[in-house]
Amino acid sequence: MKKLLSIMLAAAIVAAAGIAMSACGSDNGAGGNNTSASASADATKTIKSKEDLAGARIGVQLGTTGDIAYASDYEKEGSVIERYNKGADAVIALTQGKVDCVIIDSEPAKAFVEQNKGLKILDDTFDTEEYAIALPKDKENLVKDFNKALDELTKDGTLKSIVDNYIGDDTKGKSPYKSPENVDTSKGELHMATNAAFEPYEYKENNQIVGIDPMIAQAICDKLGYKLVIDDMDFDAIITAVQSGKADFGMAGMTIKDERKEAVSFTTPYTKTTQVIIVKE
């Protein structure tokens, strides 16, 4: 019996040694063949244009156009898509080497690059897209009211002035929108669902949600006689919030997409943008 145990113990030691040798790999003159899963995950791919996205690790904000319209297509070509609740988290992952690039809207991309040294935006862009406001499908009159207000704000130059307050070297910061004195809010509250991590469209400053979208929303509510209340949430929860009635409208740099139109109604577009690619310099 002791002899049998000794043989079994010796066999176990040999097997363990074999596993250890296999894990270490052989010395190939360059530090050995350490191609473990973690090592592979740390490898980077140089992205110089859209042509390099196939097979890359792409960071996106969950539920955005960069995610559902573009990155998902590259997923079919072997790319790994890392989805984050906030665009800022995707950019942090890029700075840490966890992704090879980030696909995101052009204006937030500029803000992220300005705030994070060592990043740049590629010249390659995707198709132009339009932002609009999402409203419940059963609120046709409210959609008409919003469209009327947007039309008036466009014609009197308020809309352009609001955008210029956040975008453009010559006019940035010079034309903040201010509600008229004694503005009428007798119709009650309108709750706006947004994701306040998308500068310059919506972001937090001094514990307040500011940006192009909140300012436009305030101007609309002032015209329509409502008090604006802004509810911050994950981007991919906004459509559901509007659809379920938890929010009266959604405004968060939201692109008009057919799949979204199945769940909500959209106003006329209020601005245009494009998706770009952020990489390390």
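The values are calculated or read from the model by the stated rules, or taken from the named source; none is laboratory data. Note that the coordinates shown come from a computational prediction; the quantities given were computed from them, not determined experimentally. For neighbour counting, all protein chains shown are included, and Cβ atoms are generated from backbone atoms with ideal geometry for every residue, glycine included. For accessibility, only protein heavy atoms count, side chains too; no ligands or nucleic acids. Shrake-Rupley method; radii C 1.70, N 1.55, O 1.52, S 1.80 Å.
Data for the structure
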read-out	value
Residue-count net charge about Ala247 - beta-carbon cut-off 15 Å; Lys, Arg +1, Asp, Glu -1	-4
Most to least packed among 150-160, 127-137, 198-208, 62-72 [average Cβ atoms within 10 Å]	62-72, 127-137, 198-208, 150-160
Net length gained if the chain between Asp258 and Asp73 were fully extended (0.36 nm per residue, minus Cα distance)	65.0 nm
Sulfur and carbon atoms: percent of accessible area, the stretch 170-215 [1.4 Å]	42
When the convex hull of its Cα atoms is projected in every direction, mean area for the stretch 144-228 (nm²)	6.1
Inter-label distance, nm, simple model (7 Å from Cα along the C-beta direction), Val229/Gln115	2.8
Between the stretch 45-119 and the stretch 218-257, the alpha-carbon center distance in angstrom	26
Computed P(r) (all Cα pairs; the stretch 66-166; 5 Å bins; percent)	2, 9, 16, 17, 15, 13, 12, 9, 6, 1
